[in-house]
Structure formats: C-alpha cells, structure tokens
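The values are calculated or read from the model by the stated rules, or taken from the named source; none is laboratory data. Because the structure is predicted, anything quoted here is derived from the model rather than measured. All Cβ positions, glycine included, derive from the backbone under ideal geometry; neighbour counts span all protein chains shown. All accessible areas refer to the heavy atoms of the entire protein, side chains included, with ligands and DNA or RNA removed. Shrake-Rupley method; radii C 1.70, N 1.55, O 1.52, S 1.80 Å.
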Amino acid sequence: MLLGMICALASSVCFGAASVLQAMAARAAEPGTGGGVDVALMWRALRQWRYLAGLGADGLGFVLQIVALRTLPIYVVGAALAASLAVTAVIASRVLNVRLRRVEWWAVAVVCAGLAMLALASGKEGHRDGSEALRWALLGISFGVLLLGVVAGRLPERSRALVLGLGAGFGFGVVEIAVRLIDGIDFTDPVWYALLVGGGAAFMLLTSALQRGSVTTATAGAVLGETIGPAIVGVAWLGDRTREGLNWLAILGFAVAVAGSLTLARFGEAPAPEPAREPVTPS
C-alpha cells in the first residue's frame with residue numbers, strides 16, 4: 001500500500017508538471033475553427049517542444065498511475081490525480097513567477113490534508129472483476145465522450161468549456177476504471193478499446209477546452225468528471241473499502257482534497273509568464 005501511495009503522489013507531480021508545459025504549447029498553437037473538438041489542434045500543439053515534453057511527463061505519470069490503481073482504491077488515486085493542480089500551482093509560483101493568493105496557498109494545504117486523511121483511512125483495493133455489462137458500459141461511455149465533444153461545438157461559449165472539461169474528465173475516469181479491470185492481454189475484451197478511445201478522447205477534449213474557453217471552468221469540470229464517478233464505481237462494483245470504522249474519514253478526506261483542487265482550478269492551465277519590462281531610458 002505504501003508503494004501505491006508513493007506512486008499516486010509521484011504521478012500527480014508528473015501530471016502537474018505536464019499541465020504547465022502542455023498548456024503553454026496549446027495556447028501558442030495557431031487557433032482553429034472555434035468548434036468543439038479540434039483534432040488538428042493536437043497536431044499543431046505537437047510541433048511545440050513543450051507539448052512533447054509534457055507528453056513524456058504524462059507517460060511517466062500514467063505508468064505510476066497504473067501501479068497505484070493496482071494497489072489502492074480508485075477513490076484514493078482519483079483524489080491524488082486531482083491534487084496535481086496543487087503541484088501545478090506551486091510550480092507556476094516558482095517557475096513562472098505567478099502570484100498565489102492567500103486562499104490558494106491555503107487550498108494547497110487543504111489538498112495535502114485531504115490526501116493525508118485518505119492515506120490513513122484507505123483499505124486495500126477491491127478484487128472484484130466487474131461484470132461484463134460494466135465492461136461494455138465503459139466502451140459505450142468512451143464513445144459518448146467523443147460525441148459530447150461534437151455537441152459542445154454547438155453550445156454557447158460559456159457552456160462549451162464546462163462541457164468539454166466534463167467530457168475530458170469522464171474520459172480520464174474511463175481510463176482509471178479500465179486499468180483496474182484489465183487482466184492480461186486480451187483484445188476481445190471491450191475494456192482495452194474503452195481504455196484507448198476514452199484516453200484519446202479525453203486528451204482531445206481537454207486540449208480543445210484549454211485553448212478555447214475558461215481554464216478554470218474547464219479544469220473544474222475535468223476534476224469533477226474524473227474523481228466522483230470512478231470513486232463510486234470502485235466502491236459499488238469493484239469492492240473498494242476503507243479501514244474498519246474509518247469510512248467517515250475517507251469520505252471527508254476525499255471531499256476536502258477535491259474541494260481544495262477545485263479552488264485551484266485556474267491552474268489547470270498555468271498562465272504564460274509576463275514579458276519582461278524594458279528598462280526606461282531617460283529622454
């Protein structure tokens with residue numbers, strides 16, 4: 001369990017650093033048509049070295065996430081992934097000289113406290129395999145995420161970022177659950193395709209959301225989408241449990257960690273550094 005918690009926290013560090021790099025590249029990429037999911041935007045972003053470096057950090061984070069999901073309940077890993085916003089905020093404050101408000105420093109502390117409560121209360125991950133219906137449902141949801149991106153293109157600008165962010169969160173949530181359900185290489189298992197489609201759709205929607213709308217709104221939607229649903233599935237269908245008598249502490253820790261992350265939602269895309277001011281020469 002200790003190894004799993006270390007991997008969960010390390011993955012949040014990787015994802016937090018990646019978001020800084022990827023968001024700067026997404027904003028630097030040439031804007032597209034203004035619709036919902038812009039596949040070409042992904043290719044334009046790939047021309048940016050920061051985006052490639054961010055993908056490398058995401059890849060390492062995903063490997064660490066897999067280890068964590070195989071040893072910890074989904075609700076713990078989901079909260080740790082949401083905590084990557086705290087990592088992003090701290091990195092932005094140091095590297096990009098972004099000023100954190102007092103409430104945001106408190107939010108970072110709250111996220112850490114929530115994770116500590118979860119670490120104390122969490123039991124072992126459940127060992128249920130999940131029903132065949134759950135596996136096919138994940139595949140259906142993954143394609144639904146793609147459809148949601150298409151629908152978002154027709155929504156008003158204010159709603160678009162929220163819907164794209166929620167869709168990305170649902171896609172990442174599919175990935176979390178799929179990792180738990182995979183048992184060996186079996187390409188007849190719909191979970192494998194849910195993993196690929198859900199993960200790919202999530203990346204496209206989140207990239208489009210960060211480039212097209214409110215960062216805070218999009219990130220808040222993604223946090224909610226990737227934490228609450230998978231946590232419920234883990235407890236209800238996969239057998240995730242807490243330590244005896246500590247249900248209340250796990251629920252409180254989860255709520256505290258997610259609430260703190262939502263407070264830091266504006267760091268879902270770290271702002272670009274301000275250009276240096278040229279010295280004023282006396283006339």
For GLY153, other-chain or 5+-apart residues with amide H closer than 5 Å (H placed, Pro excluded) are GLY36, VAL37
Note, VAL108: beta-carbon cut-off 14 Å, +1 each Lys/Arg, -1 each Asp/Glu, net +4
Which of ALA80, ALA116, ALA18 fluctuates most in a GNM of the chain (C-alpha springs under 10 Å)? That residue is ALA116
Of every hundred units of 1.4 Å-probe accessible area on the chain, the number belonging to carbon and sulfur atoms, as a percent, is 67
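Using only the heavy atoms of the protein chains and a 1.4 Å probe, how would ARG135, ARG243, ARG94 rank by accessible area, largest first?
Details: ARG135 30, ARG243 110, ARG94 170 Å².
Result, largest first: ARG94, ARG243, ARG135.
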Trypsin sites (Lys or Arg not before Pro) in the stretch 45-93 lying in a DSSP loop, each with at most 15 other Cβ atoms within 10 Å of its Cβ, come to ARG47, ARG70
Any residue on another chain or 5+ positions along whose placed amide H is under 5 Å from the amide H of SER122 is listed here as ARG243
Kirkwood-based Rg/Rh on the Cα set of the chain evaluates to 0.99
About its Cα centre, the chain carries a charge dipole, from +1 on Lys and Arg Cβ atoms and -1 on Asp and Glu Cβ atoms, whose size in debye to the nearest 20 is 700
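Could you compute the FRET efficiency for ILE6 and PHE143, with r as their C-beta to C-beta distance and R0 at 22 Å, rounded to 0.05? Before the final figure, lay out each step's value.
Numbers: r = 35 Å, r/R0 = 1.58.
It comes to 0.05.
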Per the helix-only model, the chain has a calculated mean residue ellipticity at 222 nm (DSSP H runs of ≥4, -39500 (n - 2.57) each, divided over all residues, rounded to the nearest 500) of -24500 deg cm²/dmol
Between CYS112 and ALA133, Cβ-based FRET efficiency (R0 41 Å, step 0.05) works out to 0.60
When the chain is treated as a Gaussian network with springs between alpha carbons less than 10 Å apart, the largest mean-square fluctuation among GLU132, GLU157, GLU176 is found at GLU132
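Pick out the long, greasy-scoring helices in the chain: whole DSSP H runs spanning 27 Å or more along their own axis by Cα, mean Kyte-Doolittle at least -1.0.
2-28, 49-69, 102-121, 132-152, 157-181, 190-212, 215-236
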With every protein chain kept in place and a 1.4 Å probe, the chain has an accessible area per residue in Å² of 48
Once all protein chains are kept in place, VAL95 shows an accessible area at probe 1.4 Å, nearest 10 Å², of 100
Given unit charges at Cβ for Lys, Arg (+) and Asp, Glu (-), the dipole magnitude of the stretch 84-140 about its Cα centre in debye, nearest 20, is 340
Computed over the stretch 126-239, the distribution of all Cα-Cα distances in 5 Å bins, rounded to whole %, is 2, 14, 23, 22, 16, 11, 7, 3, 1
Per GNM of the chain with C-alpha springs under 10 angstrom, the most fluctuating residue out of SER84, SER11, SER131 is SER131
Here, the stretch 174-265 modelled as identical Cα point scatterers in vacuum has Debye log10 I(q)/I(0) at q = 0.19, 0.23, 0.24, 0.25 Å⁻¹ of -1.01, -1.16, -1.19, -1.22
Measuring from its Cα centre, the stretch 126-239 shows a charge dipole (+1 at each Lys and Arg Cβ, -1 at each Asp and Glu Cβ) which, in debye to the nearest 20, is 500
Per the charge dipole of the stretch 126-239 (beta-carbon charges, Lys/Arg positive, Asp/Glu negative, Cα centre), the residue among GLY149, VAL233, VAL197 reaching farthest to the positive end is GLY149
